[in-house]
Protein chains: 4
Amino acid sequence: MFSHAEGLSSMVVKVAINGYGTIGKRVADAIDAQDDMEIVGVTKTRPSFGCDLAVRKGFPLYCTFDTDEKIAAFAPAGYDCKGGLSDLLAIADIVVDCSPGKVGAQNKEIYDNAGIKHIFQGGEKHAMTGMSYTSSGNHSENMNVQGTRVVSCNTTGLSRTLVPLLHACGSLSVECTMIRRAADPGDSSKGPINAIKPVLKVPSHHGPDVMTVRPEISINSLAVAVPTTIMHVHAIVATLPEGHGMTTESVLALWSEQPRVLIMNGSETGITTTAEVMEFSRDIGRKWGDLHEIFVWEDGVKLDGNNLYYFQAIHQESDVIPENVDAIRALMGLESDWKASVLKTDEAIAAYNGL
Amino acid sequence: MFSHAEGLSSMVVKVAINGYGTIGKRVADAIDAQDDMEIVGVTKTRPSFGCDLAVRKGFPLYCTFDTDEKIAAFAPAGYDCKGGLSDLLAIADIVVDCSPGKVGAQNKEIYDNAGIKHIFQGGEKHAMTGMSYTSSGNHSENMNVQGTRVVSCNTTGLSRTLVPLLHACGSLSVECTMIRRAADPGDSSKGPINAIKPVLKVPSHHGPDVMTVRPEISINSLAVAVPTTIMHVHAIVATLPEGHGMTTESVLALWSEQPRVLIMNGSETGITTTAEVMEFSRDIGRKWGDLHEIFVWEDGVKLDGNNLYYFQAIHQESDVIPENVDAIRALMGLESDWKASVLKTDEAIAAYNGL
Amino acid sequence: MFSHAEGLSSMVVKVAINGYGTIGKRVADAIDAQDDMEIVGVTKTRPSFGCDLAVRKGFPLYCTFDTDEKIAAFAPAGYDCKGGLSDLLAIADIVVDCSPGKVGAQNKEIYDNAGIKHIFQGGEKHAMTGMSYTSSGNHSENMNVQGTRVVSCNTTGLSRTLVPLLHACGSLSVECTMIRRAADPGDSSKGPINAIKPVLKVPSHHGPDVMTVRPEISINSLAVAVPTTIMHVHAIVATLPEGHGMTTESVLALWSEQPRVLIMNGSETGITTTAEVMEFSRDIGRKWGDLHEIFVWEDGVKLDGNNLYYFQAIHQESDVIPENVDAIRALMGLESDWKASVLKTDEAIAAYNGL
Amino acid sequence: MFSHAEGLSSMVVKVAINGYGTIGKRVADAIDAQDDMEIVGVTKTRPSFGCDLAVRKGFPLYCTFDTDEKIAAFAPAGYDCKGGLSDLLAIADIVVDCSPGKVGAQNKEIYDNAGIKHIFQGGEKHAMTGMSYTSSGNHSENMNVQGTRVVSCNTTGLSRTLVPLLHACGSLSVECTMIRRAADPGDSSKGPINAIKPVLKVPSHHGPDVMTVRPEISINSLAVAVPTTIMHVHAIVATLPEGHGMTTESVLALWSEQPRVLIMNGSETGITTTAEVMEFSRDIGRKWGDLHEIFVWEDGVKLDGNNLYYFQAIHQESDVIPENVDAIRALMGLESDWKASVLKTDEAIAAYNGL
């Protein structure tokens, strides 16, 4: 009995969140909803209003740094800081790095020295760990590895719809134009207010990043930023190989079986822009109004010869959240079947959301 | 025993929602969270995607109209329509009218003929029922009346901060400029995209509407619409009477004791625009990311002689939601103490939201 | 001498503008600047503020309709209306139809009955006249025809950069994503304010319209509307035929020789979005701040194997303006060399603008 | 003859522009259009794309700094730099400082040392020169002074409508809410994209700045920034003294006689937002589509007892431009009658614009 209880206990993976911001706060909640993992602490760089959310959620608070001075700064502001990053890593099995992009390299060294498994986000380069991750793309290749990178919201979105096409057709050549939101909803400093901003480096880095999870997909992309805060939209032309045997209907059928792909008909539902997509997410009661799924307009899909044209909308703040949960399962060797992990993750999140 | 059970049962007020849209869906959820009232049905004009939400929530679905043809149209679309508006009114104690503005007059006649108590929203005129309502403004005057109108989001917001000032000072003269969001978040059709639109009727109707709940407040307003979707902002100059004895600090202290007024310091929290206010609402886990409270920036309040300057932000989709619950209690004679009703309403909603 | 003078005089083509709005007012000005054509009248549907501009410019004002009542309505409003459309057509050699889209069919019949040459705009269908026009695409095919259609701003823009590529390479296969401004600068009614709206009909009609001027170009397109008022942006992937022999540099060299294509380096000039492109247009003193040229970012062009990636920005209000002038020359048989016409048109406009 | 020629020559004031940006480029053009002043040079900090405009206009180019190295940097970039700021000041009678806000203090010292008359812009503090200027407010007080400050676009706008009211009524108490554009049209970096940003310092500094030109006007203001690029809007409540004798009509009549105030009826003209106001400016052919006038909606003016309610729209890029010309005349002692100066300035600019 006792050993059984111990066994059960040891099955609950202890997770540290390094960086409790836009992504970190969501990943923490999603992990908290699972029964095979738990949050043992989250970090903030300094006592700030953002600490309140961690306190409200009951997540132990740590300092991003190990210096006594920085740790001590929390108490006068009324926050109970449990220690520095090293203290947190010492009690965790794995760390999810949600720090701002480009500080990963120095964190990598810390994690390696601590001998702790680690997951970075899409703002970091693939080369840092040599592994990247999407649930549908390469879960099994990530089983039991020491470190990986959950790819960006855009790459995650592309993986959701392109990987099943790849499996169905054998090969795939893709051109994608990304129409990107220029700032997140809670960010009031960034523009433009009235302009379109092309990413002049062409082709852009966004599309080829898909190849870090499925190198068989040949893909390029162009990107522009536009004055909206709520979603990215991808305009995609996927060229299927000769003799693909697909139809518009069979593509839709294929996607409808995929987890985390949501297909709705714009003219039937009135969901014709990203505004109505986000309103739908608010209606179904998701935390923060998030949409973990990739949204595909059924009436915006058309296979024309070998060219498949479609639009998909990406909720930039949240589509990677459940993928982080699955990635923890892969790295910790908890579940080798990606669909089983996805099912478990999503059921727990949905229950948590009261749906 | 039997009679006791009946007694308990009779204490749960049966509420009909006529019009299950932006306001209706929120009011229904808020009522559903209370233990002294329940939703017996919601109406839609026709089978449409919006019915799905009612089904998901488990609210019985009725047709806004009584014609057999319109009622019968729901079944082929896969929705179980229980009947027409008359059928719904027949089983309800009170109806909350959340239909689009300006159709109230014809509905008023229907409700009067059905002999049912009724609550309209701020899009209708005060004259229709001769009564208006805000929780802090005139709850007791609305006790046991047959019909009333919960005032608009703007008037509700003004009532929250001005009524306590009125009580503290005895009289009040106010000029308010309303900087209004031009469209709701889920509305992709309305502009402007890059312009400011003044409401050329000056003074505007918005401010004086406060006098329908507290005629002692002398108030005028100017209004403009601007290209944002998330909140209105009020820029207010309230002139206190000579010898008012108030200070900036005492005004803040007064408001901090008021229900549904949230005071935060912009420079300390980083919440300096409506973007961060809404992000805060998402963080605290409110359904739809709603903010029922009026948001006042502590560092944007200044009493300069007799003139009190301040800004407040209004979540146009939701500040009236809890007021509808309180209004039901007033009309049904359930609770005569407005603060007791507010406390009960808000605790139930907060519990419902998992906070 | 006398006959010579008469000869000169008869060379000045008399042009009617039917519809003096966003496009009409600009075309009128551009024609007014030429020495081989003149405006003999412009039409408005009714006395309105827009008539003032015609009066200020000195263009004779006519009514879009022939009914006495409608013509008589102008005088009380203080406008001198010279008559109805028929009166105008009777004194003109050619009419440029700048009426709102989709009313062309009925106008076509009027023009045919009047036996007058006519030019429609891109809002009308190619089939109506069976001819379409861009200066660089098919000027010679439009010589002396009775009626044609100057294609839309988007098609005009595509023609400017794709036709030279076609001539250089022999064939061309193109995918274009159009990121479109959702409303014009002077339009305050249209949204969305905060959303991306995909055109769900895929592929969209925009790209293939290029084939009405150069059928050899194989092209498809996807389109989205975004919350900006100032320019469209095209994200283009043009696949050159095997053995094309082009380089990124040779493509840029080719375009730099084309009229009405403006190539600038974003990182060198700081012109990195459509905001700075439009500011540049204001700086060079163009009327209305217009940019007749297609703007290509030099550092956003890259030939990668056979795929040419590039962005171009389209001033939706004005790129077709000089093309209308050239189209008049084609239809009236004034100039068979398209480059000569373009040079003449642009020099006159530039002089007119005081540059 | 010779002395007469010298005399004529000495009547043309030689003006230096220090800082050739958004304001500088417009002031230079406006001065260039006058017959009693001329541009002898404009400065840029370094060789950049902005120099092209100066070259195109034919204005001699100088470096903002005097160091040889910085001056020498222009030649390699292809620009003919005539020297440093000191060289320019040595040949000028007066300098208009259009450098970015807050660098005025150090420039003040340079001008004082050079003994040259100088005009700062509204980004600098009144205290620096102890003098401020608007054409209608205090032209005569600025006659022959050594240095002054042309106030900001907002203060200039308030002065245009409030000073005549002050003269008509004897005293005036004003509350103004400023709804400000968050970025200029050519600026793609600033946000917010979807938020309203109150200026939390209340009352704001904007309104009281009017008192630097007419201290008799008692005024306070509140300000918010909104996601638009094209104009500020002021929502104003001006309280007239008891026994003022004014009516809505007499106020409109008063303003209609004022230079640089444009009164139009929104419902008659369809000009109901800042979008249509700016389109009107483009239509009348102003350079950059500028509107030097303050735009007042006739149907948005209402005198209600002693309170005058009205809206006015301010073109933030240009309303101060003609005031700089008038200020030069004041400081140089050229014209003591402000209306005569305004008339001369505006006629020259209008002619220059080809109207």
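The values are calculated or read from the model by the stated rules, or taken from the named source; none is laboratory data. Model, not experiment: these values are computed from the prediction. Methodologically, a virtual Cβ is constructed for each residue, glycine included, from the backbone with ideal geometry; neighbour enumeration extends over all protein chains shown.
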The residue that is surrounded by the fewest Cβ atoms within 10 Å (Cβ to Cβ), considering only those in region B:45-76 that are within 14 Å of another protein chain (Cβ to nearest Cβ) and hydrophobic (A, V, I, L, M, F, W, C), is B:VAL55
Given (1) buried (at least 22 other Cβ atoms within 10 Å of the Cβ); (2) not in a strand (DSSP E or B), index of the condition B:ASP187 fails: (1)
Members of region D:211-229 found to be within 14 Å of chain B (Cβ to nearest Cβ) and touching a His at 6+ places or on another chain (Cβ under 8 Å), listed by number: D:SER221, D:ALA223
Output for region D:114-159, where each listed residue is closer than 22 Å to D:PHE311 by Cβ and either out of contact with any helix residue (DSSP H, G or I) (no Cβ under 7 Å at 6 or more places or on another chain) or of a type in the set (Asp, Glu) (or both): D:CYS153, D:ASN154, D:GLY157
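Taking region B:129-145, which residues are in contact with a His (Cβ under 9 Å, 6 or more places away or on another chain) and either free of Cβ contacts under 8 Å to residues at least 60 places away in the same chain or not assigned by TED's automatic domain parsing to the domain that holds B:ILE17 (or both)? Steps first, answer last, please.
Step one: of region B:129-145, the residues in contact with a His (Cβ under 9 Å, 6 or more places away or on another chain) are B:129, B:132-133.
Residue satisfying the conditions is B:THR129 alone.
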I need the full set of residues from region C:13-60 which are touching a residue at least 40 places away in the same chain (Cβ under 8 Å) and among the acidic types (Asp, Glu), in order please. C:ASP29, C:ASP32, C:ASP35, C:ASP36
Can you tell me which residue is nearest to B:LEU291 (Cα to Cα) among those in region B:164-175 that are of a type outside the set (Gly, Ala, Ser) and more than 9 Å from every other protein chain (Cβ to nearest Cβ)? B:PRO164
Consider only pairs whose beta carbons are under 7 Å apart and that are at least six residues apart or on different chains; among these, list those whose first residue lies in region B:261-287 and is closer than 25 Å to B:LEU162 by Cβ and whose second residue is assigned to a helix (DSSP H, G or I) and of a type in the set (A, V, I, L, M). B:ILE263/B:LEU252; B:ILE271/B:VAL277
By residue number, the members of region C:77-102 that are among the polar types (S, T, N, Q) and touching a strand residue (DSSP E or B) at 6+ places or on another chain (Cβ under 7 Å) are C:SER99
Candidates D:LEU162, D:LEU85, D:LEU89, filtered to the one that is surrounded by 22 or more Cβ atoms within 10 Å (Cβ to Cβ), modelled with pLDDT of 95 or more, of a type in the set (A, V, I, L, M, F, W, C) and not assigned by TED's automatic domain parsing to the domain that holds D:SER48: D:LEU162
Report yes if D:ASN144 is outside any loop (DSSP other than H, G, I, E, B) and farther than 26 Å from D:LYS287 by Cβ, otherwise no. no
Looking for whichever is at the interface with another protein chain (Cβ under 7 Å from one of its Cβ atoms), hydrophobic (A, V, I, L, M, F, W, C) and part of a strand (DSSP E or B) here; the options are A:ILE193, A:ILE179. Which one fits? A:ILE179
Taking the conditions exactly as written (under 21 Å from A:ALA313 (Cβ atoms), among the small types (Gly, Ala, Ser) and more than 7 Å from every other protein chain (Cβ to nearest Cβ)), does C:SER204 satisfy them or not? yes
Which listed residue, of B:THR134, B:THR161, is closer than 30 Å to B:ILE91 by Cα and more than 11 Å from every other protein chain (Cβ to nearest Cβ): B:THR134
Flagged pairs (Cβ under 9 angstrom, 6 or more apart or on separate chains; first in region C:110-128, under 16 Å from C:VAL13 (Cβ atoms) and among the aromatic types (Phe, Trp, Tyr); second at pLDDT 95 or above and part of a helix (DSSP H, G or I)) are C:TYR111/C:LEU89
Residue in region B:205-221 that is at pLDDT 95 or above and under 30 Å from A:ASN194 (Cβ atoms) present: yes
Find the residue count for region D:282-318, including only residues that are closer than 26 Å to C:ALA54 by Cα and not aliphatic (A, V, I, L, M). 16
If I filter region A:14-33 down to residues being out of contact with any strand residue (DSSP E or B) (no Cβ under 8 Å at 6 or more places or on another chain) and surrounded by fewer than 21 Cβ atoms within 10 Å (Cβ to Cβ), which single residue comes out as modelled with the highest pLDDT? A:ALA33
Inside region D:196-230, the number of residues satisfying the requirement of being more than 23 Å from B:VAL226 (Cβ to Cβ) and in a loop (DSSP other than H, G, I, E, B) is 4
Can you tell me which residue in region C:319-355 is nearest to C:SER171 (Cα to Cα), limited to those that are touching a Lys or Arg at 6+ places or on another chain (Cβ under 6 Å) and surrounded by 22 or more Cβ atoms within 10 Å (Cβ to Cβ)? C:SER341
Only residues in region A:69-80 that are under 10 Å from A:SER48 (Cβ atoms) count as the first member; pair them with residues that are exposed (fewer than 11 other Cβ atoms within 10 Å of the Cβ), Cβ under 8 angstrom, at least 6 apart or cross-chain, and list the lot. A:PHE74/A:ASP80
Just to be sure, is B:ALA330 outside the structural domain of B:THR229 (by TED's automatic domain parsing), on the phi < 0 side of the Ramachandran plot and under 17 Å from the mean Cα position of the chain (by Cα)? yes
Please go through region C:249-263 and pick out each residue that is surrounded by fewer than 18 Cβ atoms within 10 Å (Cβ to Cβ) and over 21 Å from the mean Cα position of the chain (by Cα). C:GLU249, C:SER250, C:LEU252, C:ALA253, C:LEU254
Using the structure shown, decide if A:SER152 is free of Cβ contacts under 8 Å to residues at least 24 places away in the same chain and under 23 Å from A:ILE230 (Cα atoms). no
Search result, residues across region A:272-315 that are within 14 Å of chain B (Cβ to nearest Cβ), surrounded by fewer than 23 Cβ atoms within 10 Å (Cβ to Cβ) and touching a strand residue (DSSP E or B) at 6+ places or on another chain (Cβ under 7 Å): A:THR272, A:GLU298
Residue under question is B:MET246, and the condition is that it be surrounded by fewer than 24 Cβ atoms within 10 Å (Cβ to Cβ) and either over 22 Å from the mean Cα position of the chain (by Cα) or of a type in the set (A, V, I, L, M, F, W, C) (or both); does it hold? yes
